[in-house]
């Protein structure tokens, strides 16, 4: 029987992976849940200009506005969660009740941060749950129109790492499916190392760039204190990672990361949280920083700079809430 | 002979003190240098609604656009510098060459921060130079229209503290002049203690509120980490103050300061740097934080949070420079 795929959240990440999957699964079997780009996506489909996959690509999946509407197109083999990792009411995991209708439905979390999986795991304990680390620089330049540049790498593994054998197999199948579509997916026995590795840069640049309205290279060159500040924040993150058992997430890795960015030209990369801040949209505060601080507490690691950064970004996020009401 | 007064910078502080002085000095002998509110000030004069001095107050001084233009109205007895304390080219001290034309011209710095006096002192070594700490909550609600609330207190002293006797006398005369106009001025033998005392709150709330687009009470209530972050920043400032010899600027003073703000209702106070940030205007980064870090270095005081805050606010300030060109 033909595979059916739900993409919950048709922003940059969700749309590009929907496109990759559309090369092996018929687009009428791909259902995209849209919010802000619903009208554009429904009318014209999605358009992607990619330096890897090609210019002027189009994708015309089923486009719906809510998870409830998507249930009519199921049952689903894969539910890709590519919304922002923020708290909502009702929560995203609970919204998926309508579409995670059989034990073989594989839930794939294409999201930032750490420790974001547990609510999905406890609500759907029998379903394969895949956690990912995504490297995919994409910008939505107008509703349902995306520009993707130079890098596409998807790290995949089960949550938890010691999941049952059939969940491990589901992870392998998903990786093969992405590869068939032309994507670059890598299977990991413990995906958390990849999540922590990504967090090292992510939990630094996202809040720093959002608060300062600067891209990464712009920030590094803005004053004589910028580099040392970034380095010190990364040091705290790596200290928590080490305490959590991810020994390769080291200060050395942070220094290499900074050197890579220093070598780039102005203006540099725009982290997603900066894009959100410039638009006054809510940000992934807890997925990136709150959960990290909780881990620091659990392991007794001192993180004064991260605590400050959390206080600042939480306040900035709340200021957007004041301006936009309950907009997500 | 009638006194002549130049007010360089007719924002909130400059205009309210011009009004106070206009009660003892004829308005035609008061010259205001305006920038953004030049047209409004020239056409209609200034309007102030004050909970202390009265509603619907008007002031019609001489209004000019540049220091050069003001020279024609001199010579001056007092030059009040009430511009923002930011670096410009040419520098503000050098612009005053045209109006500090006699050795009795008293220069009065009505500005935030610490260690902002030295360029004035070295350019005009023989003139009385008064440094101040101003407590005056005023908002310019439209060009040349101001709302002032509840508090007016001006602390005055010579720079340096051990200035010649005639400079000390000039400080006393200025304080008496303000008092005659109905203001509350206090003469200090060492004004720097007042500058550091003000800095404790100022160097904390200004950057934190500007970065997070939150007022002080809003920030304190935004997350469980906010209070401790503010407390830790104040602790670093007080450590530098103590090392610089200002022993009363203590963590205890910081804690009292925080308790006062906690007792206030939402939304709380809008520091001037937040007002600047919301308008995309350049900010007093070095007067408030850069000079503080230089002092920390001189005294060997560790200030990791202040270093981070400096890196952040300098980058935010630079982002406004990118957006507005060379606007001051």
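Brief remarks on what is shown
- Global form of segment A:59-162, assessed from the alpha-carbon gyration tensor, a/c cut-off 1.5: oblate
- In this assembly of identical copies, the label point of residue B:45 (Cα plus 7 Å along Cα-to-Cβ) is separated from its counterparts by 7.0 nm, sorted shortest first.
- The two copies B and A are related by a rotation, and the chain B beta carbon nearest its axis, with distance in whole angstrom, is B:211, 2.
- Counting DSSP beta bridges with both ends in the protein assembly as shown, the antiparallel % (nearest 5): 35
- Hydrodynamic radius of the protein assembly as shown per Kirkwood, over alpha carbon pairs, in Å: 27.5
- For the pair residue B:2 and residue A:260, a Förster radius of 51 Å applied to the C-beta separation gives a FRET efficiency near 0.15, rounded to the nearest 0.05.
- Cα shape, segment B:128-239, gyration tensor, a/c 1.5 rule: oblate
- Note on residue A:97 and residue A:141: with the Förster distance fixed at 25 Å, the Cβ-Cβ geometry gives a FRET efficiency of about 0.15.
- Rg/Rh (Cα only; Kirkwood hydrodynamic radius) as it applies to segment B:192-326: 0.96
- Segment A:98-116 versus segment B:257-319: alpha-carbon centroid distance in Å: 42
- Helical runs assigned H by DSSP (4 residues or longer) give chain B a calculated mean residue ellipticity at 222 nm of -13000 deg cm²/dmol, each run adding -39500 (n - 2.57) before division by the residue total.
- Prolate is the label for chain A. Its Cα gyration tensor axes, ordered a ≥ b ≥ c, give a/c of at least 1.5 and a/b above b/c.
- Each peptide in B:26-36, A:261-271 was scored by the mean count of other Cβ atoms within 10 Å over its residues; highest first, the order is B:26-36, A:261-271.
- Counting only DSSP beta bridges whose two residues both lie in segment A:43-193, roughly 50 percent are antiparallel.
- Spacing of the two label points (7 Å from each Cα toward its C-beta) at residue A:189 and residue A:231, in nm: 3.6
- Top of B:272, B:142, B:89 by mean-square fluctuation, Gaussian network on chain B, Cα under 10 Å: B:89
- Share antiparallel - DSSP beta bridges, segment A:37-116, percent rounded to 5: 50
- In this rough spin-label picture, where each label sits 7 Å from Cα along the Cβ direction, the residue A:23-residue B:28 distance is 8.3 nm.
- Gaussian network model of chain B, Cα within-10 Å springs - most flexible of B:289, B:110, B:57: B:57
- GNM result for chain B, Cα springs below 10 Å: residue of B:113, B:308, B:157 fluctuating most strongly: B:308
- Label geometry 7 Å along the beta-carbon vector: residue B:180 inter-copy distances in nm: 9.3
- Between segment A:28-79 and segment B:1-41, the Cα center-to-center distance that results, in Å: 63
- Residue A:126/residue A:57 FRET efficiency (R0 35 Å; Cβ-Cβ; nearest 0.05): 0.45
- Relative contact order %, chain B, counting alpha carbon pairs below 8 Å whose residues are six or more apart: 15
- Overall dimensions of segment A:1-119 as given by Cα atoms, namely Rg and Dmax in Å: 13.7, 38
Bear in mind these aren't lab numbers, they're just calculated from the coordinates by the rules spelled out. What you see is a predicted model, and the numbers here were worked out from it, not measured in a lab. With ideal geometry, Cβ positions are generated from the backbone for all residues, glycine too; neighbour counts draw on all protein chains shown.
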